[in-house]
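Notes follow the structure.
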Amino acid sequence: MVVTPNGGLTTNLIEKNMREFSSDSDVLEALLSTQNSNSAISFLYKNNYYILENLVLKNGGNKMDAEDVIQETMITFIEMVRSGKFRGDSAIKSILYAISKNIWITKFRKTTQDNKRIEGYILENESFESDITEQIQKTEANKIIGQVFDKIGDSCKKILTFYYYDNLSFKEILGKTDYENEQVIRNKKYKCMKSLMDILESSPSLSSSFKSSLFNQK
């Protein structure tokens with residue numbers, strides 16, 4: 001997809017220019033640049049099209065409706081980013097879903113006179129969509145946390161996961177590993193945390209995403 005001079009989007013993919021982005025922060029940074037914005041937009045389409053299309057198809061729309069909604073969603077989101085109204089306070093997937101939902105409800109109101117059907121749809125899907133948004137946030141958070149943990153090696157990843165996620169004591173961790181004693185594990189955990197902090201300090205954007213991901217796990 002290419003951003004046109006008037007701010008719109010063409011629908012042809014430019015896969016040869018598209019690259020993968022490791023975090024939401026990287027996507028936002030690319031959207032604000034002149035050189036990488038098209039690649040970021042292509043990435044957003046590729047990774048979000050299906051779930052947004054499914055939202056429309058399951059709620060009274062067709063594929064053409066979905067295409068229109070998704071395009072409007074992307075334009076709205078890009079404008080939010082470039083105007084400073086969105087700074088990564090929530091997962092990109094979540095905000096795209098919310099924007100698409102609002103756009104589709106507005107369009108749906110214009111194409112049907114059955115207000116009871118509209119309100120019924122909103123009420124029936126409210127908790128469902130909340131669950132989806134929460135799950136998307138947790139999935140993205142797990143992905144970012146996993147990426148950071150991968151950088152500190154398998155042994156550190158195992159110890160920190162046991163300690164912080166499984167809430168195991170050093171004695172319990174000892175029973176699940178081959179370390180000599182609890183003190184060795186304490187020392188290893190300290191070194192692992194030091195490595196983790198060094199990685200985060202070297203990348204402010206990664207640090208921000210990591211802290212946000214930890215919050216989304218609660």
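None of the figures in this text is laboratory data; all of them are computed from the coordinates on show. These numbers come from a predicted model, not from an experiment. Ideal geometry is used to build each Cβ from the backbone, glycine not excepted, and the neighbour counts take in all protein chains shown.
Key figures for this structure:
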quantity	calculated
Stretchable slack from Glu201 to Tyr164, in nm (0.36 nm times residue separation minus alpha-carbon distance)	11.3 nm
Amide hydrogen neighbours beyond the local backbone of Ser22, cut-off 5 Å, H modeled	none
Region 154-168 - phi-based ³J(HN,Hα) in whole Hz, Karplus 6.51/-1.76/1.60, Gly and Pro as x	5, 5, 5, 4, 5, 5, 5, 5, 4, 6, 8, 9, 8, 6, 8
HN-Hα J in Hz across region 178-191 - Karplus 6.51, -1.76, 1.60, θ = phi - 60°, x for Gly and Pro	9, 6, 5, 7, 5, 5, 4, 5, 4, 5, 5, 4, 4, 5
3J(HN,Hα) from dihedral phi, region 105-110, Karplus parametrisation 6.51/-1.76/1.60, rounded to Hz, x for glycine, proline	4, 5, 5, 5, 4, 6
Charge sum, other residues only, whose C-beta stays under 15 Å from Lys194's C-beta, Lys/Arg counted +1 and Asp/Glu -1	+4
Separation in nanometres of the label points that stand 7 Å from Cα toward Cβ, at Tyr49 and Lys176	4.1 nm
